[in-house]
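Trainee: The structure under discussion is supplied below as structure tokens; questions concerning it will follow.
None of the figures in this text is laboratory data; all of them are computed from the coordinates on show. The shown structure was predicted, so the numbers you read here are calculated from the model rather than taken from an experiment. Cβ sites come from the backbone with ideal geometry, for glycine too, and all protein chains shown count toward neighbours.
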Amino acid sequence: MKIFEVAVSPFAVRVRIAVYAKGLNAEFAPPPDGFGSEAFRKITPLGKVPTLVCDDGTVIAESAVINEYLEDTYPEPSLLPPDCKVRARARMVTQMTDAYVFAAYLPLFAIAKAEGKASRAVVTGMVAVNRGLAALERTIDSDGYAVGDDLTLADCALAPALFYVTEYSDSYLGVGDALSNYPKLTAYWQTIRGNQYVARALADK
Ligand SMILES: N[C@@H](CCC(=O)N[C@@H](CS)C(=O)NCC(=O)O)C(=O)O
């Protein structure tokens with residue numbers, strides 16, 4: 001299978017963690033003519049990375065869906081816990097990361113560029129990001145993994161998000177340590193960044 005991606009994308013890192021943890025053979029390739037290009041849009045509906053192209057030509061877009069597909073197709077080693085309620089919590093973490101952290105956080109880079117670091121618009125935007133982070137703080141476990149006692153799809157989603165939030169909030173947005181009010185997320189990030197698959201995927205960036 002072929003995965004179109006660019007290494008700086010947190011959504012691509014999410015898929016890389018799953019590929020590495022499952023020990024899969026995948027070819028990683030940059031999108032033809034860059035993401036959003038006409039050539040790439042011919043392959044994948046939104047022209048976004050990551051996009052997986054299966055050996056039979058089936059195209060699967062959206063990182064959370066790609067990871068679910070990898071889990072369904074290559075169930076061992078599993079990245080979802082056996083208990084249905086814990087599985088639901090793992091999916092909750094992915095959904096909360098996308099809908100309430102990334103959706104609020106990523107637009108702030110363009111806003112900071114236009115209006116300045118720590119500008120009113122950026123600070124206001126961070127209120128929404130903090131709502132998402134506070135929800136995750138309440139949701140994750142305290143034992144090193146987002147849910148349960150092993151690496152799951154929740155970690156694939158949350159770890160790259162926390163990389164971005166810790167690495168770029170001050171340098172690009174001027175808002176200081178975005179995790180300072182979240183002791184559980186801070187401790188989680190310190191632990192999960194040392195996980196071999198997370199560390200390898202982040203090192204590829
Ligand atoms: N919801 C998508 C988000 C993917 C996404 O936004 N990728 C960005 C790079 S980080 C991209 O391809 N942007 C190019 C564009 O929007 O044209 C996912 O989870 O895969």
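Trainee: Which pairs in the list LYS117/LYS205; LYS42/LYS117; LYS48/LYS113; LYS42/LYS85; LYS22/LYS205 are over 28 Å apart, alpha-carbon to alpha-carbon?
Mentor: LYS42/LYS117; LYS42/LYS85
Trainee: In the chain, what is the volume of the convex hull around the alpha carbon atoms, normalised per residue and reported in Å³?
Mentor: 115 Å³
Trainee: Most exposed first by the Cβ proxy, i.e. fewest other Cβ within 10 Å, how do CYS54, CYS84, CYS156 rank?
Mentor: If I rank by nearby Cβ atoms, fewest first, I get CYS84, CYS54, CYS156.
Trainee: Antiparallel DSSP bridges in segment 2-73: what percent, to the nearest 5?
Mentor: The antiparallel proportion sits near 65 percent.
Trainee: At a 10 angstrom cut-off on C-beta neighbours, averaged per residue, how do the peptides 32-43, 126-137 rank from highest to lowest?
Mentor: 126-137, 32-43
Trainee: Where both partners of a DSSP beta bridge lie in the chain, what percent of those bridges are antiparallel, to the nearest 5?
Mentor: Working: 6 of 9 bridges.
Roughly 65 percent of the DSSP beta bridges within the chain come out antiparallel.
Trainee: Moving to a separate point now. Set the Förster radius R0 to 41 Å, insert the Cβ-Cβ distance between SER180 and ASP83 as r into 1/(1 + (r/R0)^6), and round the FRET efficiency to 0.05.
Mentor: Using R0 = 41 Å, I get an efficiency of 0.80.
Trainee: Which of ASP98, ASP155, ASP170 comes first, and how do the rest follow, when ranked by fewest Cβ neighbours within 10 Å? Could the numbers behind the result be given before it?
Mentor: On the way: ASP98 18, ASP155 29, ASP170 14.
Ordered by Cβ neighbours within 10 Å, fewest first: ASP170, ASP98, ASP155.
Trainee: With a 10 Å Cβ neighbour count serving as the proxy for reagent exposure, in which order, fewest first, do ASP150, ASP83 appear?
Mentor: Ranking ASP150, ASP83 by Cβ neighbours within 10 Å, fewest first, gives ASP83, ASP150.
Trainee: On to the next question. Could you give the length gained by full extension between GLN95 and ILE43, i.e. 0.36 nm per residue of separation minus their alpha carbon distance, to one decimal place?
Mentor: Full extension of this stretch gives 16.2 nm more.
Trainee: Mind giving me the nanometre distance, one decimal, between the label points for ARG200 and ALA103, set 7 Å out from Cα along Cα→Cβ?
Mentor: Here the answer is 3.3 nm between the modelled labels.
Trainee: Kindly provide the helix-only [θ] at 222 nm of the chain, computed as the sum of -39,500 (n - 2.57) over DSSP H runs of four or more divided by all residues, to the nearest 500 deg cm²/dmol?
Mentor: Mean residue ellipticity at 222 nm (helix-derived): -17000 deg cm²/dmol.
Trainee: Turning to a different aspect of this structure: Translational D (Stokes-Einstein, µm²/s) of segment 2-73 at 37 °C and 0.692 mPa s when Rh comes from the Kirkwood sum over C-alpha pairs?
Mentor: 274 µm²/s
Trainee: Moving to a separate point now. Among ALA103, TYR145, SER78, whose Cα sits farthest toward the positive end of the charge dipole of the chain (+1 at Cβ of Lys/Arg, -1 at Cβ of Asp/Glu, about the Cα centre)?
Mentor: Going by the charge dipole, the pick is ALA103.
Trainee: I need the calculated FRET efficiency for the pair TYR74 and GLU167, taking r as the beta carbon distance and R₀ as 30 Å, to the nearest 0.05.
Mentor: So the FRET efficiency works out to roughly 0.50.
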